[in-house]
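Chemist: Sending over a structure as structure tokens; questions will come in a sec.
What follows draws every value from the coordinates through simple rules; no lab data is involved. Since this is a predicted model, take the numbers as computed values, not measurements. Virtual Cβ from ideal backbone geometry, glycine too; neighbours counted across all protein chains shown.
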Amino acid sequence: MNVTPVILTFNEGQNIEATLASLQWAPRVIVVDSGSRDQTEQIARSFPNVDWFLREFDSHRSQWIYGIHGTSINTGYVLALDADMRPGAGFQAELEGFLERKEFAGAWIPFEYRMLGRGLMGSIYPPQIRLFLKQSVRVDQPGHSQVFEVQGPTCKFRSQLIHEDLKPVSRWLSNQVNYAALEAARIKCAPNKNLKDWLRVAGLSPAIWGAYAYMRAGGPFRSTASRAYAYERLIFEAILARMLAEREQSQ
């Protein structure tokens, strides 16, 4: 198969087994780790198709560039996954058809978001380019995470990637603080702020995005799962709004 999955990890012991188990069809899977201190390496190395690489983390962009171009990938395409993402139903068959056609430089892939073991009816997480020609991709990092862009035609998959983070809330919360700091720095330096940025600067985004996430997730039809998802979006936006207020006060 002319595609190599690439996964970034750091203390992903709760997530990595399910992700790698879903990729046993791939002849080679690249795992780029940032120095995990849990069971991530032991679990990853138990899969015979995994090649393990260790690189000190400096930014998501640099880590991805290394994973794509610094690990001797000899396939035309790369499937870029976070450690809490795995192919859903029908993905492998659609991927095989995509590779056979050889028409596209990349593909937009939608996500099925899961909370507390239950699939949500929807999320605020948009489709992303996660499958691309190795030589056509550009990696950017406008905020707290990377963005993949390709030169050439793209398509959109019907099948989804499952996004399900099984790490404890304490770990999730510490990550959000780091992500919010990066996003606050981006907003501060942005020459032209969009509506979403202005809502964040004004401190209105926690209520707006929390309510929107709840309804997108299914509201009362997904009960605990939709509330948990809304809490996560509200908490991140509240942390970010607090950081932006602090930066404004210090100017």
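Chemist: Please provide three numbers in whole Å: the alpha-carbon extents of the stretch 140-201 along the principal axes, with the largest listed first.
Modeler: So the three principal-axis extents are 36, 35, 20 Å.
Chemist: Still on this structure, please answer the following. Return, ordered by residue number, the residues of the stretch 11-52 whose backbone nitrogen is under 18 Å from a label point located 7 Å along Cα→Cβ of Ser174.
Modeler: The answer is 11-16, 33-41.
Chemist: May I pose another question? How many nm separate the modelled label positions at Arg37 and Asp58, each set 7 Å beyond the Cα in the direction of the Cβ?
Modeler: That separation, rounded to one decimal, is 2.3 nm.
Chemist: Can you tell me the mean projection area, over all orientations, of the convex hull of the stretch 3-163's alpha carbons? Units nm², please.
Modeler: So the Cα hull casts an average projection of 9.2 nm².
Chemist: Taking a virtual spin label 7 Å from the Cα of Lys196 along the C-beta vector, which residues in the stretch 125-152 bring their backbone nitrogen under 17 Å of it?
Modeler: The answer is 125-130, 140-149.
Chemist: Okay, next question. I need two numbers for the stretch 134-251: Rg to one decimal and Dmax as a whole number, Cα atoms only, in Å.
Modeler: For the stretch 134-251, the Cα-based Rg and Dmax read 16.6, 47 Å.
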